[in-house]
Amino acid sequence: MSQENTLLRANRVTADDIDIIEVVNLAYRPNRPEGPGKALVLALAVILGSMLGVMLVMCVSFGRSLKRYRAQRA
């Protein structure tokens, strides 16, 4: 604990360490919401959902064919 206190005392901030900043543009509230549109979100959802569905069908098909293959070899 005393080591932590010593370390914290060693990290003192002086006036020379502080930089002065200049505000270039003030923040403002946009007129309309920012972000991706509903159409883009819907298109991505349809595309990614279709890809996931195809992958699921392929995995199920592979599992069934593997089961048939093992049954034939046994």
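The values are calculated or read from the model by the stated rules, or taken from the named source; none is laboratory data. Note that the coordinates shown come from a computational prediction; the quantities given were computed from them, not determined experimentally. All Cβ positions, even for glycine, are placed from backbone atoms using ideal geometry, and neighbour counts span all protein chains on display. The area values use the complete protein model at the heavy-atom level, side chains included, leaving out ligands, DNA and RNA. Shrake-Rupley method; radii C 1.70, N 1.55, O 1.52, S 1.80 Å.
A few points about this structure:
- Using the 1.4 Å probe convention, the accessible area of the chain works out to 110 Å² per residue with neighbouring protein chains retained.
- Values of log10 I(q)/I(0), in the order q = 0.20 Å⁻¹, for the chain under a Debye, Cα-only, solvent-free model: -0.99
- Carbon/sulfur fraction of accessible area - the chain, other protein chains in place, 1.4 Å, %: 62
- Per-residue 3J(HN,Hα) values for region 24-32, derived from phi via the Karplus relation 6.51 cos²θ - 1.76 cosθ + 1.60 with θ = phi - 60°, read 8, 10, 7, 6, 9, 8, x, 6, 10 Hz in sequence order (x marks Gly and Pro).
- Crossing angle, helix 38-73 versus the chain [Cα axis fit, 0-90 degrees, rounded to tens]: 40
- Top positive-direction residue, dipole computed over region 1-50 with Cβ charges, set ASN31, ILE21, SER2: ASN31
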